[in-house]
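Just below is one structure, and these are the notes that go with it.
The values are calculated or read from the model by the stated rules, or taken from the named source; none is laboratory data. These numbers come from a predicted model, not from an experiment. So basically every Cβ, Gly included, is an ideal-geometry build from the backbone, and we count neighbours across all protein chains shown. Just so you know, the surface numbers come from the protein's heavy atoms only, side chains and all, with ligands and any DNA or RNA stripped out. Shrake-Rupley method; radii C 1.70, N 1.55, O 1.52, S 1.80 Å.
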Amino acid sequence: MLVSALLSPGGGPGALLAAVDTGEVVLVAAPGLLDELGEVLARDRFRAWVSVEQVEAYVDAIRHHAELVDDPDELSPVSRDPDDDYLIALARAAGVDALVSGDDDVTSLELDS
C-alpha cells in the first residue's frame, strides 16, 4: 500500500495516506517495515517515478506520521507467502483494526484476531 501510495497518490492508497495526514487513520509501522519500504523503493526500476532523494523523504515522512511499534518477536506461518507473515504478526502485535494490502496472499486470508 505504501509503495502504491507514493507512485499513484491519486488512487485509493494515496487517499488512505491522506487520511493518515489528517488524523482520520492511524498508520502503524515498525523499523523492519520502514527498512523494507526504503529498500524496495530504492530499486532502479522505480527511478522513472521517484528519485532516491524523494524515496528518503517519503520514508522519513512515513516514520514521522506513523505510530512506531517494535518489530514482532515471533512470526507464525499463516500466509502462502512467508514474507507476508511479518506483516500479519506486526498487525496482531500492534492490535490494529485493519491490515491494508493489495497482495492476494494477504487479502485472501481469513484470520482470527
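Taking amide hydrogens as modeled 1.01 Å from N in the peptide plane, which residues meet the under 5 Å criterion relative to ASP71, leaving out close sequence neighbours?
GLY32
From the list [x] -0.38, -0.59, -0.77, -1.05; [y] -0.24, -0.43, -0.68, -1.22; [z] -0.45, -0.79, -1.10, -1.17, can you say which value of log10 I(q)/I(0) by the Debye sum over Cα atoms at q = 0.09, 0.12, 0.15, 0.20 Å⁻¹ was derived from the structure given?
[y]
Evaluate the distance, in nm, between pseudo-label points positioned 7 Å from the Cα of ALA61 and of GLU39 along their respective Cα→Cβ axes.
2.4
Probe radius 1.4 Å, ligands and nucleic acids ignored: give me the carbon and sulfur share of the accessible area of the chain as a rounded percent.
49
Pop the C-beta distance of VAL26 and TRP49 into the FRET formula with R0 = 41 Å and round what comes out to the nearest 0.05.
Computed FRET efficiency for VAL26 and TRP49 comes out at 0.95.
Please work out the average accessible area per residue across the chain, using the 1.4 Å probe convention, and give it in Å².
Heavy-atom accessible area per residue stands at 64 Å².
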